[in-house]
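The numbers here are math on the coordinates, done by the rules we state, and not lab data. Here the structure is a predicted model, which means the values were calculated and not measured. Glycine gets a Cβ as well: all are built from the backbone with ideal geometry, and neighbour counts include every protein chain shown.
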Amino acid sequence: MTSEGTTVTGTMWMKGGKMRTEYAVSGMNIIAILKDETVYSHNPAPGTGTDCYWNKISAVPDPQSTVTPVTQQLQDVPPADIQCGPAAFGDEKFATTEKVCDINEMMASVTASMPPGYIECSGKEGQELVDCMQPYLPQ
């Protein structure tokens, strides 16, 4: 598929509620596996700063999340060349045996080390941010 000058070529496997996609974009080969309501992704790009092979994140929205899901109307979707066919493969296609890091845990540790008021005041701007941060500033 080509969109705005970028060509994406990929393959997808599906079996029993599990899905694996492998695709190449801008010279990078990216793998994503969905199983047990969890998404595992592997991006071999150098400089990621971790020794994780897989990064996992829950595919189920957190009921306490303040993030509003975005729905987008698909308009003017370019035609894509999609070829489907049967394939013989086992559960090894969905194995994530290499080192797995939990993105949710990593983000929790990052936010725990943020300065006081960071979370409470995130998303605010201008005077509203100044007013929100006031109680956290040294007196």
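Data for the structure
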{"quantity": "Simple Cβ-charge dipole of segment 97-139, Lys/Arg +1 and Asp/Glu -1, about Cα centre, in debye nearest 20", "calculated": "100"}
{"quantity": "Theoretical FRET efficiency, 1/(1+(r/R0)^6), r = Cβ-Cβ of E92 and E125, R0 35 Å, to 0.05", "calculated": "0.10"}
{"quantity": "Residues W13, W54, sorted so that the one with the fewest Cβ neighbours within 10 Å comes first", "calculated": "W13, W54"}
